Each structure stands twice: as C-alpha cells, then as structure tokens.
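As structure tokens, the structure follows; a few thoughts come after it.
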Amino acid sequence: MCWMMQSPTFFSFFQSVGEEQERAVKEAKELLRIIEEQGLGEKKFFGGEEIGLADIAFGWIAGWLRTMEEAVGVKLMEDDRFPRLQAWIENFKAVPVIKENLPDHNEMLAYFKQRREMFIGSATS
C-alpha cells in the first residue's frame, strides 16, 4: 500500500468510523488546505510548468483519493474548497505517462472496499 496509508491522518480517515473518523476527516481537510495554499500557488505543477518529483510524491491524491472517498463514503476533496488542487489533479492525470498508468477505477474501488472492511472488522472485533 502507498505511503499515504502509513500517514496517521489519512490512514485514520480510511480505517475508522465515528468520532475518530470525524477527527481524521477534519485533519485531512486541513492538510489538503495546506497543500492547496502552500504547495501549488498559481503553478500548473508543484515545481512550475513541468511535472516533477513533488508531483509524483503527491500523485496518490490524483490517483487514489477519489476512489478512497467512494469506498469510505466520505468526501474530503470538496471541489469548491480546493480549486488549485482540483486543477493540479486534472493536469497531473493528463500527463501521458501518468494517464497510461492509472489503475482501473473499478478494480481499485473493489480493493479499497475490501481493505476498509478488513480494517473496520478488525477494529470492532
């Protein structure tokens, strides 16, 4: 699993319910706000007009976050709250090498639903 799943905030958002998840959602949105405001500015990519290492490091946001939200049933990426991040996602996913290598949405959704059930099941037993 990606590094994001080892991040306490995003891991908690994905694997928890109730109050713990509510706290994680609030923290995750704050982290996304910081990325939106401090990381992107008015640039197309994190480093400017060309894709770079920072874009690759944050690529899980473009490739996985929407599917994770769908699996969890909680929205983090509110379109009107993160317009620069939304634009970056579209730019990132349009890069040919990225576009050609994005995983299948349905397969990824099934995977995340299975993982979430495993986490929730082990937390409640």
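A short reminder: the numbers here are calculations on the coordinates, not readings from a lab. Nothing here was measured: the structure is a model prediction, and the numbers come from that model. Positions of Cβ are backbone-derived with ideal geometry, glycine not excepted, and every protein chain shown enters the neighbour counts.
Hey, what angle do you get for helix 105-124 against the long axis of the chain, alpha-carbon based, 0 to 90 degrees rounded to 10? That works out to roughly 40 degrees.
Each residue in 88, 64 was given a count of other beta-carbon atoms within 10 angstrom of its own, and listing them fewest first yields 64, 88. Taking Cα atoms only, the orientation of helix 18-34 departs from the longest principal axis of the chain by about 10 degrees.
Size descriptors for region 68-117, from the alpha-carbon set: Rg then Dmax equal 12.9, 34 Å.
Against the chain, whose longest principal axis comes from its Cα atoms, helix 83-94 is set at around 80 degrees. Across every direction, the projection of the convex hull enclosing the Cα atoms of region 12-124 has a mean area of 7.2 nm².
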